[in-house]
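Below: the structure, in structure tokens.
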Amino acid sequence: MANHLRRQIREAVGTKLTGLTTTGSRVYQSRVYPVQNTELPCLLVFARSESVEAESVHAPRVLSRLLQIEVDAVTKATADLDDTLDQICKEVEIALAPPVSGGLMNLVEDIVLRSTDIELSGSAEKPTGVARMVFEVSYYHLDSTPDVAQ
């Protein structure tokens, strides 16, 4: 049995973002531990929330889901912190722009960037920054098969 579509999508987003110019292979999914300096700059990928609606009334019902995928770009720098975060955001937005390719294409109907929040802090030895991008992912499945996209 395959994993839930939510997990498949989160993992496909992580795969799609691996190998970008600025963050390289430093892409972590559902990470709860602090990021170390040697792991920066990096991307953190989370499936944060999801809404579900029935699209049909007869069993098996078709369910439509809107999944919020959060991609956090995390970096430290002594100069040009904003520029580095903007570059990472650009790379992520291009990688996830429709039409999505690879395994992600077979799972989702659409993916749209909904918001970006940027936080900067000077409390560490080097200034740190996080750009939090929220993507809305729409996908469909039958209520009896939450692991198979429709």
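The values are calculated or read from the model by the stated rules, or taken from the named source; none is laboratory data. Since this is a predicted model, take the numbers as computed values, not measurements. Because the Cβ atoms are built from the backbone with ideal geometry, glycine has one as well, and the counts that use them run over all protein chains shown. Note: accessible area is taken over every heavy atom of the protein model, side chains too, but ligands, DNA and RNA are not part of it. Shrake-Rupley method; radii C 1.70, N 1.55, O 1.52, S 1.80 Å.
Of the conditions (1) in contact (Cβ under 8 Å) with a residue 24 or more places away in the chain; (2) in contact with a Phe, Trp or Tyr (Cβ under 7 Å, 6 or more places away or on another chain); (3) more than 25 Å from L81 (Cβ to Cβ); (4) not charged (D, E, K, R), C42 clears all except one; give me its number.
So C42 meets the others, but not (3).
To keep it simple, each residue is scored yes or no on (1) open to solvent by less than 20 Å² (accessible area, probe 1.4 Å); (2) under 17 Å from the mean Cα position of the chain (by Cα); (3) within 28 Å of Q150 (Cβ to Cβ).
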residue	(1), (2), (3)
R31	no, yes, no
V45	yes, yes, yes
S56	no, no, yes
L67	yes, yes, yes
K76	no, no, no
Q87	no, yes, no
V92	yes, yes, yes
L96	yes, yes, yes
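If you take the residues of the range 1-29 that are assigned to a strand (DSSP E or B) and without any contact (Cβ under 8 Å) to a residue 60 or more places away in the chain, which of them is surrounded by the fewest Cβ atoms within 10 Å (Cβ to Cβ)? Spell out how you get there, then give the answer.
Of all residues in the range 1-29, those assigned to a strand (DSSP E or B) come to 20, 24, 27-29.
Checking the rest, the ones that are also without any contact (Cβ under 8 Å) to a residue 60 or more places away in the chain come to 24, 27-29.
Working: G24: 12, V27: 20, Y28: 17, Q29: 16.
The extreme case among them is G24.
Kindly indicate which of A149, A73 is in contact with a helix residue (DSSP H, G or I) (Cβ under 7 Å, 6 or more places away or on another chain), in a loop (DSSP other than H, G, I, E, B) and closer than 24 Å to T18 by Cα.
Values: A73 fails: in a loop (DSSP other than H, G, I, E, B).
Among A149, A73, only A149 is in contact with a helix residue (DSSP H, G or I) (Cβ under 7 Å, 6 or more places away or on another chain), in a loop (DSSP other than H, G, I, E, B) and closer than 24 Å to T18 by Cα.
Cβ-Cβ under 6 Å, sequence separation 6+ or interchain: first residue in the range 126-137 and more than 12 Å from L44 (Cα to Cα), partner open to solvent by 40 Å² or more (accessible area, probe 1.4 Å) and assigned to a strand (DSSP E or B). Which pairs?
Pairs that qualify, where the first residue is more than 12 Å from L44 (Cα to Cα) and the partner is open to solvent by 40 Å² or more (accessible area, probe 1.4 Å) and assigned to a strand (DSSP E or B), are K126/K76; T128/K76; T128/S121; G129/L120; F135/L113; E136/L66; E136/V112; E136/R114.
Look through the range 118-146, keep the residues that are open to solvent by 60 Å² or more (accessible area, probe 1.4 Å) and assigned to a loop (DSSP other than H, G, I, E, B), and return whichever of them is farthest from L63 (Cα to Cα). Spell out the reasoning first.
If we filter the range 118-146 for residues that are open to solvent by 60 Å² or more (accessible area, probe 1.4 Å), which is where we start, we get 118-120, 122-123, 125-126, 132, 140, 144.
Adding the requirement that they be assigned to a loop (DSSP other than H, G, I, E, B) leaves 122-123, 125-126, 144.
Working: G122: 45, S123: 46, E125: 48, K126: 47, S144: 10 Å.
It comes out as E125.
Just checking, how many residues over the range 76-96 are of a type in the set (A, V, I, L, M) and part of a loop (DSSP other than H, G, I, E, B)?
Restricting attention to the range 76-96, the residues satisfying the condition of being of a type in the set (A, V, I, L, M) are 77, 79, 81, 85, 88, 92, 94-96.
This time we only want the ones that are part of a loop (DSSP other than H, G, I, E, B), so: 77, 79, 96.
Summing the residues that are of a type in the set (A, V, I, L, M) and part of a loop (DSSP other than H, G, I, E, B) in the range 76-96 gives 3.
Counting only residues that are part of a helix (DSSP H, G or I) and open to solvent by 40 Å² or more (accessible area, probe 1.4 Å), which one in the range 98-117 is farthest from R65 (Cα to Cα)? Working first, answer last.
We begin by selecting, within the range 98-117, every residue part of a helix (DSSP H, G or I); these are 102-106.
Remaining after also requiring open to solvent by 40 Å² or more (accessible area, probe 1.4 Å): 102-103, 105-106.
Numbers: G102: 20, G103: 18, M105: 16, N106: 15 Å.
For the range 98-117, the residue satisfying everything is G102.
Could you grab me the full set of residues in the range 45-79 that are in contact (Cβ under 8 Å) with a residue 40 or more places away in the chain, of a type outside the set (D, E, K, R) and over 23 Å from G14 (Cα atoms)? Don't jump to the end; show me each part of the working.
Of all residues in the range 45-79, those in contact (Cβ under 8 Å) with a residue 40 or more places away in the chain come to 47-48, 50, 54-55, 59-78.
Within this subset, residues satisfying the condition of being of a type outside the set (D, E, K, R) are 47, 54, 59-60, 62-64, 66-69, 71, 73-75, 77-78.
Passing the criteria: A54, A59, P60, V62, L63, A77, T78.
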